[in-house]
Each structure stands twice: as structure tokens, then as C-alpha cells.
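First the structure, in the form of C-alpha cells, and then the observations on it.
Derivation of every value follows stated rules applied to the coordinates shown; laboratory data play no part. All values reported here derive from a predicted model rather than from experimental measurement. We place every Cβ from the backbone using ideal geometry, glycine too, and count neighbours over all the protein chains shown.
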4 protein chains.
Amino acid sequence: MDIGFIGLGNMGHGMATNLLQAGHRVTVYNRSPEKAEALAQQGATAAGTVAEACDSAEVVFTMLADDRAVESVAFGEAGIVASLAPGTTHVSSSTISVALSGRLAAAHADAGQRYAAAPVFGRPEAAAAAKLFLVAAGEPQVLQPLTPLFDAIGQRTFVVSEEPHTANLVKLSGNFLIASVIESLSEAVALVTKAGVDRQQYVDILTSTLFSAPAYHTYGGLIARRQFEPAGFAAQLGLKDIRLALAAGEQLQVPLPLASLLRDRFLTLVATGGGHLDWSALATLADRDAGLMSDDPA
Amino acid sequence: MDIGFIGLGNMGHGMATNLLQAGHRVTVYNRSPEKAEALAQQGATAAGTVAEACDSAEVVFTMLADDRAVESVAFGEAGIVASLAPGTTHVSSSTISVALSGRLAAAHADAGQRYAAAPVFGRPEAAAAAKLFLVAAGEPQVLQPLTPLFDAIGQRTFVVSEEPHTANLVKLSGNFLIASVIESLSEAVALVTKAGVDRQQYVDILTSTLFSAPAYHTYGGLIARRQFEPAGFAAQLGLKDIRLALAAGEQLQVPLPLASLLRDRFLTLVATGGGHLDWSALATLADRDAGLMSDDPA
Amino acid sequence: MDIGFIGLGNMGHGMATNLLQAGHRVTVYNRSPEKAEALAQQGATAAGTVAEACDSAEVVFTMLADDRAVESVAFGEAGIVASLAPGTTHVSSSTISVALSGRLAAAHADAGQRYAAAPVFGRPEAAAAAKLFLVAAGEPQVLQPLTPLFDAIGQRTFVVSEEPHTANLVKLSGNFLIASVIESLSEAVALVTKAGVDRQQYVDILTSTLFSAPAYHTYGGLIARRQFEPAGFAAQLGLKDIRLALAAGEQLQVPLPLASLLRDRFLTLVATGGGHLDWSALATLADRDAGLMSDDPA
Amino acid sequence: MDIGFIGLGNMGHGMATNLLQAGHRVTVYNRSPEKAEALAQQGATAAGTVAEACDSAEVVFTMLADDRAVESVAFGEAGIVASLAPGTTHVSSSTISVALSGRLAAAHADAGQRYAAAPVFGRPEAAAAAKLFLVAAGEPQVLQPLTPLFDAIGQRTFVVSEEPHTANLVKLSGNFLIASVIESLSEAVALVTKAGVDRQQYVDILTSTLFSAPAYHTYGGLIARRQFEPAGFAAQLGLKDIRLALAAGEQLQVPLPLASLLRDRFLTLVATGGGHLDWSALATLADRDAGLMSDDPA
């Protein structure tokens, strides 16, 4: 299939590579062109503009950092909506707001184009290994032809709704759940640390018993070791996603008190200079509020 | 070994049975005597009083519901402290407060006896199958002879401290983490339910991906099905444990804002008539506050 | 002075009337024209469009419900920015977002016009009696000529900054403080009600002692009597203002955990059908969560 | 009347002095005897023991720091309950738990004595000036003879219940409301400070308008000036009172989410070394979390 791929960050690079390796013709675009050129050496075509990436594409993927980045490539004179041919499909895999996903759906419908949302769960290593989980939403006739593409990218695809923005909601809810794990571990680890328990042993107990899930392994380890750099996912992105989850909750009239707590914690971390740290650095707040300094030997 | 076992509820029954089957001589006591008699048919000796269960015991286990129950058998003229011979050991497996565990340690030390705390993680089925996880704390010379007993009860024992009450803190922190899972799932499920996502499918997505841990399987399923009776663990016990975690946090000067949120949710559930429901019935509050009635078809 | 006045709701009607009575020539505009006609009988000129209200005005006031209403009259081809003559002034008295106030400042500057923010504290009766408090912000040369107008409307004007949007922030913070009073009273009244104390006597004690301020008198009385209709200020507007305060806090990187709590309470009230009630109906949530039904005789 | 007075701290000293000046015979006791001797020079009798202060008293007041202090003088072989003659009255004015007040009521009833609770609102200056507000509860025949004593101490007495512990609940709820004022002001002041508004001017605006109550004047000024020493009322006592309010709420099954927030804030302040500061030092947390250092020039 002829595919355009816009956004070659840590996640997008792996996804585009896997589409290439599955035998598709992939035209790639990235704001910093050197990333596109690297993929060109593996057989992709490097596009100089968004429009060029859309030109002959049957499907265009976007995998970008936030609403603003997606808006900047989607709308405007030379954007995706203006450039895609009628009947072709835009697949948005970015973690964006429910509201923007709705606006994209409307804009593509107006332009006679198709739109699906397919955000992913997984870290960059999973993207590289084609082990992502995709949460997809869109009309059946839109999603059906995308199946081989999703299979090239991930290990499993869950279709949750015919309304694309619902997939974005599910993705945001997932990040809310991970952030909840981080905060609960942060508090629990601060508590037992102050009682003299070894942080790493404590996390090992948890992950050997009731909490044997990836989220607890990954974040429990980082919190036990107080290792918050380099960031796998930065606190300021965590703040953004919790804000989007709360905005969706307000739109749907669903109070989310735990999300509100998380928002304030992330905002505190960002306001006190930790926005660039991994989002598990929420643990520094639990330690700080307990009078445990980060250079504490405990 | 000669063992006394006090408290034959859902958990204690399985534990005492496994000690018997490992070849120990077990004298059992329960406030309602019929439970002791049932075990007597499997080879245990039924004691009529706490003192009788302590009489010739080298080790006495207690597995009771709360602080009050433990206080009532431990202290007083015919209690465990008054009845155990010098040099023998009391193993407290109940989920009790850090403060009471400290008082027990002091009382046994004054009486020339030994004391260890060994609370457990696991549901009644795990107790029956000798698959519990034990979190043990006490002096090495106290714990060492207990190893074969712990092995008869559980699949693994984690020694966390020489101070017995620290094991109780770890146990309480574990229940705090489970309650955090329940609240976060409750909010997320209410959110996606209102967007039209199937609750069960949503939980399946979570447990197939980042949240493949027993806590998410168990509670996610109950929340998706809104099945809160019969209670595996009642909301009023959840309230008690969160209260004890907060009390330990106040004693150690560790703020636990997520635990505070949980306490208020459990208290609301109890105050509005749901104290007897499973603690996953926190989900009814998230549904209610979102305007989703429990008889909603969604 | 030649004044345009846009927005003749409960607040704007009183303000425009007082400007008239102070001897100014006032051209009034309201979306529903009958309100403008009523004022015309008192000497105002009724304008048929926003542009007409701006036509010969030296100063145009806007007093509207929310961001959307202000945007609809300010921007666009026949809006205030397009219609005001260079050198004239727009005074925004509406409770709007900090962000919109900033956009208005920029738009007027681009158009060679002046802009000041002057939101008010006070209920409709205070507006009618020229007893409002104004919180004004803008450049000194913009504010100075407005002094007689502010004096005609209110009993006192506080100038807080040269940046207009700062006045909007102060106004939002004031509504946050009032909502905090409502929530704290709601919880305290539920607590003492359940102990058998008379609600009205309790509020009388508070307002006779440490809490002898208008906010406590007004809302304490409503909460004691559970009198939430008709709304003096509706819960959905309270939700909006708390949301705007949180948005300003996020922009300035100031966590506001109490505001987060209030947001969730208002959202719960709105989601369960109480958006039209007075914002003091937060008390129904405290009562409900305590198991006190609203038809309780206490 | 013959009066015993136990507890001559900042509050008790003023109260005992006013009873003396109203013409009563007052026997005073304080753990540190020099305070009793100072009052003896004004005509009081200094007692060497609690029992001596009770000996010929018709009424004994206690005005002490916390539950522990009251328990230590009330119970035991030479305590108030053991020492008072039948038919005489103990008036507890300390801010103690609802539970302890209940225990005192029961103990005095068992001993054929009378008991009333009469906690007070007001700072030491108000105690010295006989300007306190008393919240009294007890049986009418117990309270009626106390009227002249209450009039000698305070400017007004509110009788809230026949059950003494209800007065303690009302007192605790009042401290909860004051702490709510402190937290809300702390957040609002941090917000406007970061926008460049003068802190003192902001507080002046509030107290000139909707918040013209003593609580806002007192704490607004301290927060604006960041003046937290010496403590008028220490943060660790604030933590204690919020804990007691939450305990009463749990007993009565009334969730108090704002009190939970306050508890965590006070606990954070205490855990990070600020327990000795005035309780308005909650504002240091709002400033800190916003990235405003206390040495910030703003």
C-alpha cells in the first residue's frame, strides 16, 4: 500500500520502519529532515513537506507529540486535510485530546476523506519490535482495510468504537491509570522507606505477588532507585495527558478525583523545575513531603 | 512442632489445615466452637479457651479480623501473653495496626516470650492451597525456627525487618495499593462507560496489556460486571485498613494524599449503606457521581 | 461622556442605569432587545447592533456571561474591535478567562484602541445600588479617565496591575474563595447536623463570632435552610469559574488543590442534575455523602 | 462561688483572672507552679496538686492543651474524678476529642458528679479581655448555675446541646473552618503573587469586600507578610485538631474531603520541620509548590 508517515520521533520511527519491512511503500516526513533521511536509507521516500507525504498516499499516519503538533500538520493550506485525495484515510496514532480527534473527524468528512484514531500503548522498544498494542476506533469500512497495517505495527489491535475520538479517550484513560500506579507506589515507598524497609526489596515483594504487571515493574524500579533521568516519558507530557483526561471527563460529566490529585502533583513537579524528568519523579514529591531528602541514604 | 492456632475464619481455616497436613500437632481455638470441631475431625485438638490453645504450644498463631479481636485474645488474665510459656513464640498473621503490633512486641518481651509478625497476601483460596505470600518481621533467632511453618502455609516468605510491626506496615501498604487500583479503575471505567465503551472489553484491554496483574483481573472484572456481593473483602474492612495506613503515616510523618482520598470514598460508601459490599463497590460512587445509575443499561 | 454598554443582564442593567444617572450619554445593546428598550425609557439610546453601540462611543463596557458571549461581540466583522474608533476604550467587566482578557488586550492594541479590565464583586442588588467593588487593571493613562465612570458604578475601585488580565485573575480568585467558604460550610454543617445540632443555630454561632463576613452570612443561611432555588449564582457558572481559576493556575504554574476539590464537587453536582441550582447546593453533596437525605427532618 | 481552675496557659490565665475579678474564690493549679503563684498574688489560692484544687470546689474548670493533658489530670488516683465531691461540676474548656469528652461525661456520672463542656473561641487577648465566645453543652440543670461564671469569662455563650461532647464537636468544626480559610487564602495569594499582584493589597481587597471577618484579617495579614513566628497557634496543634475533626467525622460517618486535604497539608508542614510555626504557615507549602521560594522578592 502507499503510505505516508508523519512524525519520526522515538515511537514513529519504529512504526514507520515496521511498515516498510512489511513491504509497503512509505513516504516519510519529519520537521527535522535528518530523521526522514535515515529512513530513506532503509527504502522509504523522504518528503520535504506534509503535502508531499500525502500526495500519492492511500493512508497517512500521524505520530506526533501533542495537539499543537497535530494541528500544525493537519490544518492550513498545505496540511493533511487540504492535501489528501478524496477517499483516502488519515490514521491518527498520537495521544491527542478527544476534542481535537473530533475536529479531525469532522474536517476529513467535510473533505470527503476518511479518518480513524489508533493510539498505541507501549514504549519505544515495543514500537521497534512491532509489539505495540493499538486501540482503534472508526467506521468498520474505514478500519477493515487498515488491518494489515495495524498488524505490521503491533501485536494486537482492540477496536473500541465507531467514533474515532473514543480511542483517544481510552488511550488517555490508560495514561491516567499508569500515573495512578506511579502516585500510589510513590506514597507506599515513602511510607515503608521511613520505616526502614529497603525500597528495592519492597518493590520486589509487590511485583512478585499481586502487582506482577509491567507498569509496576517499570515504575517500581525507577522509584526504588530514584532514577528519573533520562525520561522515558516526561512529567510535562504526563501533566498534559492528565489535563486531557480531565477535560474529557468534564465534557462527559464524569468527575475524576484521583486524576485531579495527579494533575496537582504533576503541576507541582513542573512548577518546581522537574518537568523534564520522567513522570515517575512524582516520587520525589512523596519523599520531599515526608521529609525524606533525595540525597537521603535510606 | 506443637502449635496453637487462634482464629478459624476463611483465612485461618486454610492455614491451620496446612499446618496439620505438614505433620504438626495443632491445637485450635475459635470463638464459635463449631469451626474448631470441624478441624478436630482432621486431626487437630479443639481447645475450649485461648489459654488451653497456648498451654503446651511452642508457637501460637493468631489470624483474626482486627485490632479489637487480637486485643481480646492477647491481653487479660487468660490471654495469650498470660498463658504462653517463657521462650515460646506468638506469630501474629492478622492485618492489625502498627501500633498494636508494637504493643504486642513489648508485652511478649516483658513476659520473656517471643513475637513475630507474619501477615499474608492472598485470598481464602490461596490460603487453602498453601499459596499465600508471607511478609515476616522479627529477630532472626525468632524467625529462623518458624521457616518450616511458613513454608507449610505459603509459597514464599519475605523478611522485611527485625522489628515485627514493620511487617504490618508493609501489609497495610499493600492493601492501600489494592484500594488505589480499585479507585483508579472505578474512575476510568465510569469515564469510558459514559463514552459508550463496553466495560468488560475495556477491562480486557487493560489486563491484556500494561495491567496484567491479579489485582486488575480480580477487581476489573467485578467493576465491569458491577458485582459487589458477596464481598470477598468488605468495604468496612477496607475503610479500617486505609485508616490504619493513614495512622501509620501520621506516626511516621508521611503524608499519603491518595490514601486520604480513598478513606473519604470508603467512608462515603459506608455512610450511604454499602459497608457490607465488596470494597470494589467504590465503583458505585464513581458511577453515581457521573450520573450513571447502577441500573443503567450501559 | 459617550458610553456604549453591551450586556443588560441582572448586573449590567444596574450598571448601565447608574452610568445614565450620573449624567453620561449611554447607548445600550442587548441580544434580547426588550431589555435595551426598557433602559431607553430612562434616557438611554437603544442600539440594534454591537457596531451601533460602539459607533460614537468614547468608552464601551461589556458585561456578559462568559468567554463565549464576550468573544461573540468582540471579534468578527461587526464586533467591538472592528467597530471602535482608534483611541477609544473597551472596559471588560465580565468574569472571563485570563487568556481571553489577554487576547482582547492584544487585539485592541493592534487596532490602535485601548483596553481595561474591571470585573466587579457584588450581587445584582449591589449593582443596582452602585455599591459594587471594582477590581481594575490597565495602563494608568487608560484607567485615569475612567475614574468617574467607575465611581458611578461602585463604592470603591482597586487598581491591581497595569496588565488588564490580572484583574480577571483576581476576580476568579475571589470566586474560588467564595466556593471554598461554601464547601467548608457544607462539610461542617453536615458534621454537626449528624450530631443533632440545629443547622441555623450553628450558622448563627459562626457568623456571630469569627466568620462575620457577608460570604458566611449569605451562604451559611442558604445551606442551613437548604434553599438552593432560585439560584443567585448557578452551580454551572461556579464550575466554569473554578475551571478558569485552575486554567490560570496551570498557566502560571500554581497548583491549587482546594480548587481541584471544588471542581470535582461542582462537576458532580452538574453531572447529577444540579447545574441550575445555586452554587451553595454543594451542600447537598456533603449531606448525601453523609447519608443525610435532603428530606431529613434534622 | 468556690472554683478550681486547672491549666494556666495563655488562655487559662486570662480566664482564671476574670473569674477572680468577678468576685469568686479561685484555687488554681498548674503543672509549672510559678504560673499559679503569679495568680496567687492577685488573690487566688495556689494548689500544689490537682486534688487540692478540687478539694472544696463547687466547680472545677480545666483549660489544657490536648487529650493527654486532660486525661492526666482527670483520671487516676489523685485526679479530678477521684477528688471532686458528689454533686459538684467539672467544666472542660479545652479543645479535646469528642471521644474523650464522652468518656469524661461517663466517668463523672459514675462518680455522682456533674460535667459540662464549654470550649471557647478566641485568642489569648480575648481571654484576657473577657471577650471569649463559649460553646456550651450539658444538661440544663448543670449549665444554669454556671451562667455567671460563663459571663465572667466571655462576651457570649451559645448552648448547643444537652450532650457535652457536642460542644467539643462544634469547637473542632470551627477550627476546621479557620484552617479552610488559611488554605484557601494560601492558594489564592500564591496565585496572584505569581501574576505580580501585591500580596498585602490583595488581602486588603478581600477584607474590604466579601471577607471582612476576623479570620480573614488575621490570617490574610500573616500570609501576606509571611510572618509565621511566633506562632499564635502552632501547626502541630492544627494537625491535632483536624485529626480530631476527621475522627469525629468517621465516628458519625460524615466524609470531610476538605478536612482530609488540610490534614495532609499540616502533616507535610510538620514532616518538613514546620510544626512549631503558626498554622497559617500552610502558605509556605502553596508558595513552595508554585516554585515561589520564601526568599522570593515578590
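For segment B:2-161, the relative contact order works out to 20 percent when only alpha carbon pairs closer than 8 Å and six or more residues apart are counted.
The charge dipole of segment A:170-290, taken about the Cα centre with unit charges on the Cβ atoms of Lys, Arg (+1) and Asp, Glu (-1), comes to about 120 debye, rounded to the nearest 20.
Of the GluC sites (Glu not before Pro) found in segment A:16-103, those in coil by DSSP whose Cβ has at most 10 other Cβ atoms within 10 Å are A:Glu77.
Annotation: segment B:2-161 has a Kirkwood hydrodynamic radius of 15.1 angstrom, from the mean reciprocal C-alpha pair distance. Taken along the Cα-to-beta-carbon direction at a fixed 7 Å, the label points for C:Asp204 and C:Ala38 span 3.6 nm. Near B:Thr88, once Lys and Arg are set to +1 and Asp and Glu to -1 for all other residues with Cβ below 13 Å from its Cβ, the sum equals -2. Taking a ≥ b ≥ c as the square roots of the eigenvalues of the alpha-carbon gyration tensor, the protein assembly as shown is classed oblate because a/c is 1.5 or more while a/b is no larger than b/c. In a simple Cβ point-charge model (Lys, Arg +1; Asp, Glu -1; nothing else charged), chain B has a dipole of about 320 debye relative to its Cα centre. Beta bridges per DSSP, both residues in chain A: antiparallel share near 15 percent. With each label modelled as a point 7 angstrom along the Cα→C-beta vector, the B:Gln227-D:Met1 pair spans 6.5 nm. As a rough footprinting exposure proxy, the listed residues D:Met293, A:Met15 were ranked by other beta carbons within 10 Å of their own, and the order from fewest upward is D:Met293, A:Met15. Among the listed pairs B:Lys240/C:Lys194; A:Lys194/B:Lys131; C:Lys240/D:Lys240, which have their C-alpha atoms separated by more than 27 angstrom in this model? Exceeds cut-off: A:Lys194/B:Lys131; C:Lys240/D:Lys240. Calculate the length of the line joining the C-alpha centroid of segment C:171-204 to that of segment A:102-132, in whole Å. Answer, in whole Å: 48.
Remark: A:Val197, C:Val135 ranked as A:Val197, C:Val135, counting other beta-carbon atoms within 10 Å and listing the fewest first. Rounded to the nearest 20 debye, the dipole size of segment C:11-139 about its Cα centre is 300 debye, using +1 on the Cβ of Lys and Arg and -1 on the Cβ of Asp and Glu. Calculated [222 nm] ellipticity per residue, helices only, for the protein assembly as shown: -16000 deg cm²/dmol; basis is -39500 (n - 2.57) per DSSP H run with n ≥ 4, divided by all residues, nearest 500.
Counting, for every residue in A:165-172, the Cβ atoms of other protein chains within 10 Å of its Cβ and taking the mean gives 3. For A:Pro140, the distances from its label point to the matching points in the remaining copies are 6.8, 7.2, 7.7 nm, ordered from shortest, with each point set 7 Å beyond Cα toward Cβ. In this structure the amide hydrogen of B:Phe61, modeled in the peptide plane, comes within under 5 Å of the amide hydrogens of B:Gly4, B:Phe5, B:Ile6, B:Val91, none closer than 5 places in sequence on its chain. D by Stokes-Einstein for chain A, Kirkwood Rh over Cα pairs, 37 °C, 0.692 mPa s: 163 µm²/s. Label-to-label distances for A:Ala38 across copies, nearest first, come out at 6.4, 6.8, 7.5 nm, using points 7 Å from Cα in the beta-carbon direction.
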